[in-house]
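Student: My structure is below; once you've seen it, I'll send some questions.
Readers should treat all values here as calculations from the given coordinates under stated rules, not as data from a laboratory. Since the structure is predicted, the reported quantities are computational estimates derived from the model, not experimental observations. Here the Cβ positions follow ideal geometry from the backbone for every residue, glycine too, while neighbour counts run over all protein chains shown.
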Amino acid sequence: MGDDGGMLNLKQLKQQLQQGEVAPVYLIQGEESAVADASKRLLKSLIPEDMLSMNYGVYDGHETPLAQPVGEASEPPFFGDYREVVINNAEFLTASGAGAKQEEAIAELAAYLKDPLPSTILVLVVPGAKIDARKKISKAVKKVATIIDAGVMTEDKARAAIRDDLRQAGVNINAEGINALVARTQGDYSAMAAVLPILVIYGQNNAVIDAAAVTKLVPKQLSDSVFDLVNAVLRRDVTAALGQYRDLLAQKEEPLRLVALLEGQFRLLVQIAAFVARGYTQGAAAERLSVHPYRVKLAWRTVQHLRSEDLDAAYMMLVNTEAAMKRGTVDKKLGFELFVLQFAGNNKIYGA
């Protein structure tokens, strides 16, 4: 497909493969692990199970020299239609990749890409970092590869995709159910896909998946609990904040880890407040910060009620609390509780 053909989503890839359209080179790019994994499963299904040991190879770019999978891609299949070679973590395509150490193998790959074997399916996976378009090897890959979009989904795309996944399984979820699922997973499609099997089992035995079912079936993520805790702190609701914090400690969460997560959430709020003041859109802020759009949406909503100077002061208060906990001048379990009490005593915060 190459540069002129755009990017395929998972549904389009499935349709092409069902129609017998198999490309010699695929590039799976993006952080949405559920999409990347599903794409790899679809491509793997092109090799019959009894041929996998002979015609299917998976390599990790972090561990295996590039010369090995490139050499295998150049070989015809054993008694089958296709040989498939998957290179996970193909970081030689990114700016951070250690390409200098593998110049010869990269040159061999570039030569191969000029005339790839039609009997080989070469799958290159770049899970997070963007491809460095300036590199010759990146240009060579993009010229010939069919590119599969595994980028982070927006909330709307994630909702539509999960509804489609459930519909294909013959399961219905109502509006309250999908809202609860999005909230429970912080809008992360991969997190939703991870709980899909249990939702399908429930849905096949019940009329509809509603909010109560989602609350019962989908465990609350730590990030969601931290978000609730931050909001309780911002409301200066000491009882709720301390109660939620002690619940997390009872679940064996480490005090320093919790404080570090809270500090990260406050840092995000400070950054979002700055972007709001500069007139950024939510999408632009998410892209600049490399943060999931749903987290930005929630933070955006939160900072509307806050003054940036109060947020800055609260963030520094938490940074100092963490430092004191690490030094041992404040008890690890009590450090956060002291921060909450100190924060709550500041009547300027949260629109007071």
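Student: Working carefully through the options A193, A277, A211, A284, find the one that is without any contact (Cβ under 8 Å) to a residue 60 or more places away in the chain, of a type in the set (G, A, S) and under 24 Å from A169 (Cα atoms).
Tutor: A211
Student: Could we say that K139 is in contact (Cβ under 8 Å) with a residue 24 or more places away in the chain and either surrounded by fewer than 21 Cβ atoms within 10 Å (Cβ to Cβ) or over 18 Å from I28 (Cβ atoms) (or both) here?
Tutor: No.
Student: Follow-up question, since we're still on this one. Look at S308 and say whether it is without any contact (Cβ under 8 Å) to a residue 60 or more places away in the chain, on the phi > 0 side of the Ramachandran plot and not aromatic (F, W, Y).
Tutor: no
Student: Please pick out the residue among E337, E309, E253 that is acidic (D, E) and not in a helix (DSSP H, G or I).
Tutor: The conditions single out E253.
Student: From E75, E108, which residue is surrounded by fewer than 18 Cβ atoms within 10 Å (Cβ to Cβ) and out of contact with any strand residue (DSSP E or B) (no Cβ under 9 Å at 6 or more places or on another chain)?
Tutor: Criteria check complete, one pass: E108.
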